[in-house]
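Novice: One structure follows; several queries about it will come next.
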Amino acid sequence: MWRYTYDLNGNLHLLNAGNSARLLPLRYDLRDRITRLGDIQYRMDEDGFLRQRGAEIFEYNSKGLLVRVYSKSSGWTIQYRYDGLAQSIYQDQPGSEITSFYYDLQGHLFAMEISSGEEYYIACDNTGTPLAIFTSNGLLVKQLQYTAYGEIYFDSNPDFQLVLGFHGGLYDPLTKLLHFGEQDYDIMSGRWTIPDISVWKRVGKEPAPFNLYMFRNNNPISKVHDVREYVADVNSWLVTFGFHLHNTIPGFPVPKFDLTVPSYELKKSQLWDDLPPISGVQQEVTRQAHSLLSFERLPEVHVSRGRRGEKPWLWFSAAMSPIGRAVMFAIYKGSVHTQALNVASEDCIKVATILNNAFYLEDLHFTIDGWDTHYFVKPGLPDADLAALHLTSGHKTLENGINVTVSQSTTVMDSRTRRFADVEVHAGALAFHIRYGSTVDEEKTRVVELARQRALTGAWAREQQRVRDGEEGVRPWTEGEKRQLLSGGKVLGYDGYYVLSIEQYPELADSSNNIHFLRQSEIGKR
């Protein structure tokens, strides 16, 4: 018998394995992120993704999908590849065969074939957990039993590795991870390896306590997800085909309609389906009829308050203006327009004057030191605006709490001395940078170069930290290069280059994940 104890936030607190008298403690930080499982130390990155578990290192791509796991102590490495629907195509392990997976339109795995050509059939329980494995001739080759959270405690044939695991996930016996669509489940701790952001949608509709790492609401053996994942009883089959017996038979159990939501793979595949067009009237009639037959509350009818002749490009927000109260702030065709009412404070009017008629660099906004940073170019001389601020250089805090910093500089370009002025406005979590004396193209070039320097600095710092922690870098550094990294933070002869073009993806201009290090002789070979 296995016993589990939980803390007030729903985290597994103590684990009593089987008939053993030993209690296995689990520890967490203030954000419910696991830090220790018995003697195994866990480390999460700044995004809450599992980065290290003991000697094992986990790496992710920009979509949050696990792409690589390796062990610093044992030396093994596993790489994962995905298709366009975020489904795992294969796992590349050293010395292993390639296993191919085949899915139907509902996202269910219906076939497994290894590179030698052998096929196997799997008997599962009603949650999709495999219990027995048979050959194509019906011979039993493997039998399995699990703990409540999916750890295998009986395996009749350990030499036969099975890719299907607990709740029908793709099982990796080396890492003890289960792959479910876009998420991975850690069997050892009974938790997701990354935050389950789908919780926000549910909490937004029905506020309730939540835990971003909790698996199946701490009820992993429940049948709550049977209808959605495996149609296993008569009622669920009837609901699937549109028959609702609870409408005609008094006392018949009402199925939970949220369980019949199509899977992620199905919804994604439907995006490319060539479906016949349907009119808005027909769609609304279908919705109303479905609600009536299901005894649901009729959907609300939203009546537009727009007027004929209204300009479609002009959008208004009920939120407070980033400049302050009684100040309109709008961007139209790349130009800023501000207007202040009589009740606006003097400081708000000053900031509105600075931003008015400035050109906005729309594609170049970044998060810098926690600030949502945006860039503008103001034509003309800065004297009038600086005089209104009563500030020609330095820092000043206005009465409305907005912080303003002014700096000026001169430079010689084409035998001509040019004067520049930079005004930084910090309001809440926003940061506005207004540049005087430059053209829009010149400012774009300057901002992109600053972003590139931030990306390079972050990429080198990350490589240095990886070498310091004994982890592998983005390329196999030699021992001499590692010593350079640790002492100087860089390796001579290498420079950082963008992986994806910032002309096509300007939002990645300051991303250290978009940088790879190459020698001059390697440029053009990759």
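The values are calculated or read from the model by the stated rules, or taken from the named source; none is laboratory data. All figures in this text were calculated on a predicted structure; none of them were measured in a lab. We place every Cβ from the backbone using ideal geometry, glycine too, and count neighbours over all the protein chains shown.
Novice: Within the stretch 15-26, can you find the residues that are at pLDDT 90 or above and exposed (fewer than 14 other Cβ atoms within 10 Å of the Cβ)?
Specialist: Passing the criteria: only 25.
Novice: Please specify each residue of the stretch 470-521 satisfying the condition of being exposed (fewer than 13 other Cβ atoms within 10 Å of the Cβ) and acidic (Asp, Glu).
Specialist: The answer is 479, 503.
Novice: Right, something else. Being among the β-branched types (Val, Ile, Thr) and surrounded by fewer than 16 Cβ atoms within 10 Å (Cβ to Cβ) is the filter here, so list the residues in the stretch 355-374 that pass it.
Specialist: Selection gives 367, 368.
Novice: For the stretch 44-76, name all the residues that are more than 14 Å from the chain's Cα centre (by Cα), surrounded by 15 or more Cβ atoms within 10 Å (Cβ to Cβ) and of a type in the set (Ser, Thr, Tyr).
Specialist: Passing the criteria: 70, 71.
Novice: If a residue counts only when it is surrounded by 13 or more Cβ atoms within 10 Å (Cβ to Cβ) and in contact (Cβ under 8 Å) with a residue 40 or more places away in the chain, which strands (runs of 3 or more DSSP E) contained entirely in the stretch 117-229 have at least 1 such residues?
Specialist: On the way: elements: 120-124, 130-135, 140-146, 152-155, 170-172, 177-180, 183-186.
Correct list: 120-124, 170-172, 177-180, 183-186.
Novice: Do we find that residue 443 is among the charged types (D, E, K, R), under 30 Å from residue 400 (Cα atoms) and over 30 Å from the mean Cα position of the chain (by Cα) in this structure?
Specialist: Judged against the criteria, residue 443 is a match.
Novice: Something else now. What residue, of 463, 471, is touching a Gly at 6+ places or on another chain (Cβ under 9 Å), farther than 16 Å from residue 363 by Cα and either not in a helix (DSSP H, G or I) or not basic (Lys, Arg) (or both)?
Specialist: 463
Novice: Still on this structure, please answer the following. Suppose we keep only residues that are closer than 27 Å to residue 454 by Cα and either outside the structural domain of residue 423 (by TED's automatic domain parsing) or among the β-branched types (Val, Ile, Thr) (or both) within the stretch 330-389. Which one would you say is nearest to the chain's Cα centre (by Cα)?
Specialist: 367
Novice: Also, I was wondering about something else. Search the stretch 56-74 for residues that are at positive phi and modelled with pLDDT of 90 or more and pair each with any residue that is in a strand (DSSP E or B) and not β-branched (Val, Ile, Thr) when their beta-carbon atoms are under 8 Å apart and the residues are at least 6 apart or on different chains.
Specialist: Here the result reads none, with nothing in the stretch 56-74 linked to a residue that is in a strand (DSSP E or B) and not β-branched (Val, Ile, Thr).
Novice: I'm trying to understand the selection: among the residues of the stretch 27-36, which are surrounded by 12 or more Cβ atoms within 10 Å (Cβ to Cβ) and either touching a Gly at 6+ places or on another chain (Cβ under 9 Å) or modelled with pLDDT under 90 (or both)?
Specialist: 32, 33
Novice: Check 465, 520 and return the single one that is out of contact with any Ser or Thr (no Cβ under 6 Å at 6 or more places or on another chain) and closer than 29 Å to residue 56 by Cα.
Specialist: Values: 520 fails: closer than 29 Å to residue 56 by Cα.
Checking each option against the conditions leaves just 465.
Novice: Within the stretch 482-506, work out how many residues are touching a strand residue (DSSP E or B) at 6+ places or on another chain (Cβ under 8 Å) and at negative phi.
Specialist: 7
Novice: Mind checking which strands (runs of 3 or more DSSP E) fall wholly inside the stretch 378-459 and carry at least 2 residues that are buried (at least 18 other Cβ atoms within 10 Å of the Cβ) and touching a residue at least 40 places away in the same chain (Cβ under 8 Å)? Lay out the reasoning, then the answer.
Specialist: Values: elements: 394-397, 403-413, 416-427, 430-436.
Because the criterion is at least 2 residues that are buried (at least 18 other Cβ atoms within 10 Å of the Cβ) and touching a residue at least 40 places away in the same chain (Cβ under 8 Å), the strands (runs of 3 or more DSSP E) in the stretch 378-459 that meet it are 416-427, 430-436.
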